[in-house]
Structures are given as structure tokens and as C-alpha cells.
1. Might you work out the accessible area of D78 for me, using a 1.4 Å probe with all protein chains in place, and round it to the nearest 10 Å²?
2. Could you give the nm distance between label points at N131 and E99, where each point is 7 Å from its Cα heading toward the beta carbon?
3. For labels at S48 and F19 in the simple 7 Å Cα→Cβ model, what's the distance in nm?
4. Starting from the Cα of K122, draw a straight line to each of the lysines and keep only those under 23 Å, dropping any in the same chain fewer than 8 residues away.
5. Compare the peptides 128-140, 17-29, 105-117 by average per-residue count of other Cβ atoms within 10 angstrom and give them in order, highest first.
6. Cα to Cα, under 12 Å, and not fewer than 8 places away if on the same chain: which aspartates and glutamates meet these conditions relative to K62?
Amino acid sequence: MNQNNNGFVLVEAIITSIFVLGFFSFLIANLLPMVGEYEKSLDYDSISSKYDAHLIRKMILKDNSCRTENLINLSTYDYYEFEGTDICLYLDNVNYCKELLSEDYLDVNKIILTRYNTSSIKSKSDEFERNIKEYIDYIPKYESTININQYFYQRRLIVLFNDGRITNIELLMNSNGNITCGGATC
């Protein structure tokens, strides 16, 4: 009777060990991606960075000038990359732009202006530093989230802040046809 009991205890211990090992394997396999997503959410698309990017978008769309038309025109390039306050050179209110993007207010490191659909910039992501490349791979393509054909300008801003935050926001503008650039309507 004692021999049968020892065999049962051994089988029971093996089954329990397999169950516990399987449970911990399942837990680790599902926990690690969740921790990675949590770490990304600290720097990627936080509420404060979205709000800051909205202020930049609002500043660009409010400008509504021929210089903005030249800024947003991406006919030959898939993206433009602006360091610090370089984007301000394309806006009429240069002083306000420089103050908004300065270290004292938004503390912007870099702004990337790309097409609305980010698939073209994803193919060129090797041209960027590692943190930008990872973010570009992280963001969706934004193909059909809204009907963008109703907008004259269909662009996306990717904003990098000096504190490590990264976000993107759409830059969509209807054309009213009233802007004239050098005698021609923009």
C-alpha cells in the first residue's frame, strides 16, 4: 500500500509543478508586453504632449498665409524635419512661434511634418534616430480614420519634446480659396 502511495505523490507533484510552471509562463508571457506598452505610454502620446501639439497645430493653422502654404506643400518630399524653432521661419508671427516652442514654454526639440498617412514615412524610418524610428513604427497608418479628402491640407505633425515625450497630431485645413500668393490663389 505504501508503494502505491509514493507513486501517487510523485505523479501529483509533477502535475502540480507543470500546472504552476504553465501558469507562471502564461503570466510572464502576458505581463511583459503589458509592461512594455505601459513604458511606451509614459512617453508616447501622453495627454500633456497631445495638448502641446494641439497648440502648435493651432498656431500653424491660424497663420493661414502663403508662407504656411509653402511649409505644408510636400509635393517633392515625404517629410520635413525642423530642429527647435526652425519651423517659425515659415510663419508670419515668428516671435510668438519662437516663444511658444522655446525651453521656457513647450520645450520642443524637433517637429516632423509628414503626409497624413504615415506609411510613406514608415518606409524611411531608418533615416531617423532610434527614438523617432521606434515611435514611427508605433503609430498607426491613419488611412481611413476620417474622410480627409474634404481637406485641402492633409498633413501630420510629429512633435518631439526635450523631456523625451513624442506625439503626433493631424494638420488638416480647408481651403477657402481667398489666399493669394504672388497673384495666384493658393
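1. 40 Å²
2. 2.7 nm
3. So the two model labels end up 4.7 nm from each other.
4. K40, K50, K110, K133, K141
5. Highest to lowest by the protection proxy: 105-117, 128-140, 17-29.
6. D92
The values are calculated or read from the model by the stated rules, or taken from the named source; none is laboratory data. Since the structure is predicted, the reported quantities are computational estimates derived from the model, not experimental observations. Every residue, glycine among them, receives a Cβ derived from its backbone with ideal geometry; neighbour counts consider all protein chains shown. What goes into the accessible areas is simple: the full protein's heavy atoms, side chains included, and nothing from ligands, DNA or RNA. Shrake-Rupley method; radii C 1.70, N 1.55, O 1.52, S 1.80 Å.
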